[in-house]
Amino acid sequence: MSFVDVEAATAHLDQVIAPALREVAQELTAGGVTARVSRGEEGRDGGLAWVELRTQADEHPFVYRVQVDESPVPTYGGRMIGDRDTYARLEVHSGDGGQDYDVMGYSDTQVIHDCLDHYERHLRFLRLN
């Protein structure tokens, strides 16, 4: 089992997640849906780093955000694994809030597919309204 620190999670955010979301934004924009990717810095607004893809819809924009979160390292039998008491996760958040899963270690292709899955659910939601 491997638990990464905030530095490693932020590096993955910058090197894999952000480029993948920029690729999705380019494809959406080419298809007529204006989208942009923005990034927040660690320490700004009291949080850790994040990257977000957002469409420019007036009502019900699509949002796919990945943010670095720290969690306690799980303990087994009363002992910690490793030498730290926290580890970093790259948690996905959408317009509906946190999705409670970690994309740390995902490849760019996996991130693109995950984002598009969320986008398809968003389109179904819009059709039902």
message = Please go through (1) surrounded by 13 or more Cβ atoms within 10 Å (Cβ to Cβ); (2) modelled with pLDDT of 95 or more; (3) among the small types (Gly, Ala, Ser); (4) farther than 29 Å from Ser2 by Cα for Ala30 and return the number of the only condition it doesn't satisfy.
response = (1)
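Condition check ((1) at pLDDT below 95; (2) among the acidic types (Asp, Glu); (3) assigned to a loop (DSSP other than H, G, I, E, B)) across all residues:
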residue	(1), (2), (3)
Leu53	no, no, no
Ser71	yes, no, no
Gly82	yes, no, yes
Leu90	no, no, no
His122	yes, no, no
Phe125	yes, no, no
query = Would you say Ala49 is closer than 20 Å to Glu91 by Cα, hydrophobic (A, V, I, L, M, F, W, C) and in contact (Cβ under 8 Å) with a residue 24 or more places away in the chain?
reply = yes
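The values are calculated or read from the model by the stated rules, or taken from the named source; none is laboratory data. Model, not experiment: these values are computed from the prediction. Reconstructed Cβ throughout: ideal geometry from the backbone, glycine too, with neighbour counts over all protein chains shown.
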